[in-house]
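The values are calculated or read from the model by the stated rules, or taken from the named source; none is laboratory data. Note that the coordinates shown come from a computational prediction; the quantities given were computed from them, not determined experimentally. All Cβ positions, even for glycine, are placed from backbone atoms using ideal geometry, and neighbour counts span all protein chains on display. Note: accessible area is taken over every heavy atom of the protein model, side chains too, but ligands, DNA and RNA are not part of it. Shrake-Rupley method; radii C 1.70, N 1.55, O 1.52, S 1.80 Å.
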Amino acid sequence: MTMCKLSNFKKFAVSVCLILASCGATWAQAALPSRTTTVIFFGQQKAEDFDTKVKPVFADFVRPCKSCEIVNYTPYTKDGHVDMEALQERIQSLPENTSFIFFDFNLKANDQTKELIETLNKKVAAGLLVVGSAGAPKSLESSSPLSRTVLGKVNGALIIGELAERDRLMPTGFYGPEMLTALRPPKDMMGQGYSPLMFAAELAENWQKRTPTEWSDHFRTKKLKSRKIWLDLNDLF
C-alpha cells in the first residue's frame, strides 16, 4: 500500500514538473524582445496622405522585411491639420517599441523650435536614433545651411537629401556637411521627396544587425572613409 502511494506521488510530482516546465517555456517566450522593427513617423501631411502616399511606398521599399512597420505618430488638430504645438509632447511620449524615428521634414531653428531641439537631443542621449529629411524652407523663405535647422542641431541625426537630374541636390533644399548623403530615387519618384523614406526603409530592413549607437558609428565611418560625394545605399549597407 505504501509503495502504491509512493508511485502515485512520483507520478504527481512528474506531472507538476512538466506543467511548470511548460509554463516556464511560455513565460520565456513571452519575455523575448520583439523582433519587429517599428519606425515612428513624423510628417506635415494629413493622416489620409500618410495612408495613401507614405505607408504604401515604405511597404514597397521594405517588401523583403515582413517584420518592418512604419507608424504615423504625427499629432493632429480636430480639423485634421498637423498640430505643431503638440509635436514636442509626442516625442516625449514615444511608444516603448520604437526602433528609430523618421522626420519627413525639417524646419529652420529659431526661438519657437528651441525646446523641440532640446527634447530631441535628450532622446538621442538616451539612445534614440533620429533619421530625417534634409528638407526645404517654407514657401517664400530663403534656403539656409543645415546647421541652422532643427535636424542640423540634433546630435548624430542621420540627415538624407535627394538628388535631382545629373546627381545634383535640389536647389531649394537645406544643405551642408551635416547631411549624411543624398540619394537618387526611382525615376518615377524623382522630385517627390522619397529619398529619405527610401533610406529609412533600408535601415529598417537591416535594423536588427546593430544597436542604435553602432548604426550611428557605422554610417559616420562609411562617410569618412569614402571618396564619393554622395554614398548610395550599397555603400552604406
With all protein chains present, the chain has a carbon and sulfur share of its accessible area (1.4 Å probe) in percent of 54
Rounded to the nearest 10 degrees, the helix 212-225 long axis (Cα) sits at an angle to the longest Cα principal axis of the chain of 40
Burial-style ranking of 54-65, 144-155, 163-174, average other-beta-carbon count within 10 Å with highest first, yields 144-155, 54-65, 163-174
Taking alpha-carbon centroids only, the stretch 52-128 lies from the stretch 185-211 a number of Å equal to 15
Taking Cα atoms, the helix 195-206 axis meets the longest principal axis of the chain at an angle in degrees (rounded to 10) of 20
To the nearest Å², the heavy-atom accessible area per residue of the chain with 1.4 Å probe amounts to 60
In cubic angstrom per residue, the convex hull of the chain built on its Cα atoms measures 187
Toy charge model, Lys and Arg Cβ at +1, Asp and Glu Cβ at -1: the stretch 166-237 dipole around Cα centroid in debye, rounded to 20, equals 320
Dipole check, the chain, charges on Cβ (K,R +1; D,E -1), about Cα centroid: among L183, P137, M84 the Cα furthest to the positive pole belongs to L183
Taking only Cα atoms of the stretch 33-154, the Rg to Rh ratio with Kirkwood Rh works out at 0.96
Working note, the stretch 114-237: Cα radius of gyration (Å, one decimal) and Dmax (Å, whole number) are 14.3, 43
With all protein chains in place and a 1.4 Å probe, M84 shows an accessible area in Å² (nearest 10) of 80
For the chain, the longest principal axis of the Cα atoms and the Cα long axis of helix 114-125 enclose an angle in degrees, to the nearest 10, of 40
For the pair S139 and I229, the simple spin-label estimate (label points 7 Å beyond Cα toward Cβ) gives in nm 3.1
